[in-house]
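A.B. asks: I have a structure I would like to understand better, so I am pasting it below and will then ask my questions one at a time.
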Amino acid sequence: MESDIEGLPSSPSSLVSHKMKQADSLDVEAMCIPGIAQHEHKGMSNKLILQLAFQSIGVVYGDLGTSPLYVFSSTFYHGSISNTDDVLGALSLIIYTMILIPLVKYIFIVLQANDNGEGGTFALYSLICRHARVSPSHRQQHEWPAAHDSAPTTLTIGSDTRRGIRAAYIKEQIENSSFWQNVLLLTVLIGTCLVIGDGCLTPAISVLSAIEGIIVEAARIPQYVAILLTVVVLMAIFSVQKFGTGKVGFMFAPVVSIWFLSIAAIGIYNIFKYNATIFRALNPLYIVAYFQRNKKDAWISLGGIVLCITGTEAMFADLGHFTMKSIQIAFTALVFPSLLAAYMGQAAFLMKNHTDLDAQYTFYRSIPRAVYWPMFVVATAAAVVASQAMISATFSMIRSAMALGCFPRVTVIHTSRKYHGQIYIPEINWLLMVLSICIVAGFRSTNDIGNAYGIAVVGVFFISTCLLTLIMVMIWQKHILICLGFFVIWGTVEGVYFSSVLSKVDQGGWVPLAIASSFLLVMYAWHYGTELKYLFEVQHTIPMDWILGLGSSLGMARVPGIGLVYTQLPQGVPAIFAHFITNLPAIHSILVFVCVRNLPVSSVAPEDRILIQRVGPRQYRMYRCAVRYGYIDNVGHGCDENFGDLLVESLARFIRTEAGVSGTCSSNVREVDEMGDGARGISSRTLGDDEDSLNAEQELAYLYEARAAAGIVYLLGYSEVHCKQDTSFLKKLLIDVYSYLRRNCRTSELYLRIPHSRLLKVGMTYYV
């Protein structure tokens, strides 16, 4: 089978090689452009890396950096401390937890598992799906880089044959089992939803814990004042998100940098003032003694200790906003040593004053009085910034979920022309604001919010460990002992922490579970409905025999004009086209089936934007078109006059190229029959032997006349998805949720900004 394709190469030999590809090669070619940018920012200067590292301090590390505000208060939840060795045991747990999870696991291992520079749970999922040849959604081939843009989709057995065989076996099991594919999808969706729940809790606990400093120094101020101030600050935080991560990062980075330097200085001061022997906590035997002495209370206190690593997931989830090197530099050079000094300083203060004070508000009580109010201002400002880490991470997660067909279409605004990952999603931004304010108003206490906080944090850690283990075995092909060691060590640590935070479900831990469950229902229902709709369209693709039987007029009047029929199918004539033909008395003289592709590059040059392929015989005047956009390109077909000119010129160039390669009189051209089960050749003929054939000059003249006579009309199908009568309750629930979301999310005409005067829609009902 052959197909005539206009690609990027200009030489005749290249064009001939394109002509010999499969008909669905347009879908492959649409994902490739010269010099496609990888998100690793290769060749980036050291100056720019340091600049991004400085920005990441304000965007990524605010949440992790403000943990000293509430960790010891949440750890010693019962108030008084009877034994100073308990402080050493808790501090030792904090130190080694920070070493194991943020430093070793995330900085040195997890960041390596990025997907073309993108991070987060969905990046791990996308990486696994591409290597295992598992398509998470038909949308992946539309909006994500093709497999050849990053790692190969087929595994190569290396020097260790056993590793290659093991990897191939796991890959085969995933490819051939719908059960494991669903388990993998649900695992990823749960992890993503927990991150979103974390994004609601982080602003609430960070800001409230800082504002509570007023109560510590001015005890006569009532609690509700702190609550009201927290609400005002939260509203301000979410209001500035529209300015973008870059601007927010440059505004926030100095604040967080001052915060880290301040807590480090105060920590060092407290160490030498109260107890210089606090370094004994580096001995892990204090952890063993802590559990032997306190037993169940020690296990419950893990729910407070785990808060020292809240915000760690942001390092990976926000990776697309920065680079791996910039995040590594910021953490190892400033964040990690500053946090160690801060926790050691607070522990030294508690060891000296444990008989006089309880552990509540440990951070503020350990501040020297001479710098209390300046530090309160810095802490409040840092808490404001802390919210940014998980807000940005939530934006990245939602964008990734949309790209994989697991979230309804929402507005994604790219706020930087330099860095692809810096985005703003208004709908999610305001939803997070409402949820954060409700959490503050409902709990009214940092300790109570802390009970809810840990479940989301540890759940994400454990899911990332499971996915990364699979990547190590199947993609990286590490030695089995390394893979097992990684899973056992980090899985055990995170499992113990998770068992502790689950004990606080009735104390507020149900909140992130409720938020995550709501988002999980939305995401799974959207994915499920999208897949069923897509499968329906594939199964009901119009056979080319039927179209050929209608004749070149398609059984109706062909009026002047160019009609663009939008479809998500990478090949084949969609079923909605038959609905157009059945319900309309006439159709345009030139028809173009348009697929929109979003590529992981900043911008696509106009000359590379459109790829053309012929559908059916020449006299039918039907084409397939892939329109490609970068992440900062303006997608607005209806309001962009240049798009119409570019489309017509691309069609004209395709017609000329086709005539130049195949010849208009003697070369054989095989038309394309694009059926649902793949494209196949219908007939082979000589153009010069068919009286109805149009030569290139006539076809070009016809094209320009159609554009001048009636312009371009946009033909969109509006489909509703309903369940059959014998459908199970669960399937009906998911489809009903999907239909509701589809009616209320951004429509195609809004996304493409098509004016109503140029829009023609035909409804269709799918029964699945």
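A.B. asks: Ordering K761, K352 by how much accessible area each has at a 1.4 Å probe, largest first, what is the list?
C.D. replies: Details: K761 80, K352 125 Å².
Listed by decreasing accessible area, they come as K352, K761.
A.B. asks: Give me the tail of P(r) for the stretch 359-498 as a percent: Cα-Cα pairs with distance above 18 Å.
C.D. replies: On the way: 7107 of 9730 pairs.
Taking all Cα-Cα pairs of the stretch 359-498, the fraction more than 18 Å apart is 73 percent.
A.B. asks: Quick one: 3J(HN,Hα) in Hz for the stretch 269-276, Karplus 6.51/-1.76/1.60 with θ = phi - 60°, rounded, Gly and Pro as x.
C.D. replies: Running phi through 6.51 cos²θ - 1.76 cosθ + 1.60 with θ = phi - 60° gives 4, 5, 4, 6, 7, 9, 6, 6 Hz.
A.B. asks: I need to check one value: relative contact order of the stretch 177-278, counting alpha carbon pairs closer than 8 Å and at least 6 residues apart, in percent. Please list the in-between numbers first.
C.D. replies: Working: 22 pairs, mean separation 16.4, N = 102.
Over the stretch 177-278, the number comes to 16 percent.
A.B. asks: How large is the convex hull of the Cα atoms of the stretch 331-397 per residue, expressed in Å³ as a whole number? Intermediate values should be presented prior to the final figure.
C.D. replies: Working: hull volume 7.9 nm³, N = 67.
Dividing the Cα hull volume of the stretch 331-397 by its residue count gives 118 Å³.
A.B. asks: Please report the accessible area of E607 (heavy atoms, 1.4 Å probe, ligands and nucleic acids excluded) in Å², nearest 10.
C.D. replies: 120
A.B. asks: Let me ask another. Using a 1.4 Å probe, how large is the accessible area of H579, given in Å² and rounded to the nearest 10?
C.D. replies: It works out to around 60 Å².
A.B. asks: If you don't mind, another one. Expressed as a whole percentage, what fraction of the accessible surface of the stretch 169-269 belongs to carbon and sulfur atoms when a 1.4 Å probe is rolled over the protein heavy atoms?
C.D. replies: 71
A.B. asks: Note down the relative contact order for the stretch 538-620 as a percent, whole number, built from C-alpha pairs under 8 angstrom at least six residues apart. Don't skip to the answer; put the middle values down first.
C.D. replies: Values: 80 pairs, mean separation 31.0, N = 83.
The normalised contact order for the stretch 538-620 reaches 37 percent.
A.B. asks: Each residue of the stretch 514-530 in turn: what ³J(HN,Hα) in whole Hz from Karplus with 6.51, -1.76, 1.60 and θ = phi - 60°, glycine and Pro shown as x?
C.D. replies: 5, 4, 5, 5, 5, 5, 5, 4, 4, 5, 5, 4, 5, 4, 5, x, 4
A.B. asks: Quick one: how many Å² of E705 are accessible to a 1.4 Å probe, rounded to 10?
C.D. replies: 120
A.B. asks: Moving on to the next point. Any idea which of Y453, V440, N429 is furthest toward the positive side of the dipole for the stretch 350-483, if Lys and Arg beta-carbons carry +1 and Asp and Glu beta-carbons -1?
C.D. replies: It is N429, whose Cα lies furthest towards the positive end.
A.B. asks: For the stretch 301-377, what is the accessible area per residue in Å², given a 1.4 Å probe and the full set of protein chains? Can you show the working numbers first?
C.D. replies: Details: 2200 Å² over 77 residues.
Ligands and nucleic acids excluded, the figure is 29 Å² per residue.
A.B. asks: Any idea how far apart Q507 and W299 come out in nm if each label point goes 7 Å out from Cα toward Cβ?
C.D. replies: 1.4
A.B. asks: Hey, another quick one. Measure out, as a whole number of angstrom, how far apart the alpha-carbon centroids of the stretch 295-338 and the stretch 698-712 sit.
C.D. replies: 61
A.B. asks: Something else now. Hey, which of these cross-link pairs are over 22 Å Cα-Cα: K724/K761; K47/K325; K731/K761; K295/K504?
C.D. replies: Details: K724/K761 25 Å; K47/K325 12 Å; K731/K761 28 Å; K295/K504 17 Å.
Checking Cα-Cα distances, K724/K761; K731/K761 exceed 22 Å.
A.B. asks: Do you know the relative contact order of the stretch 706-768, to the nearest whole percent, from alpha carbon pairs under 8 angstrom that are 6+ apart?
C.D. replies: On the way: 54 pairs, mean separation 39.0, N = 63.
That works out to 62 percent.
A.B. asks: What number comes out for the charge environment of T312, summing +1 per Lys or Arg and -1 per Asp or Glu over other residues with Cβ under 12 Å away? Don't skip to the answer; put the middle values down first.
C.D. replies: Working: positive: K105; negative: D63, D198, E313, D318, E494.
Surrounding charge for T312 is -4.
The values are calculated or read from the model by the stated rules, or taken from the named source; none is laboratory data. Since the structure is predicted, the reported quantities are computational estimates derived from the model, not experimental observations. Quick reminder, even Gly has a Cβ in these numbers, built from the backbone with ideal geometry, and neighbours come from all protein chains shown. Keep in mind that these areas ignore ligands, DNA and RNA; they rest on the heavy atoms of the full protein, side chains included. Shrake-Rupley method; radii C 1.70, N 1.55, O 1.52, S 1.80 Å.
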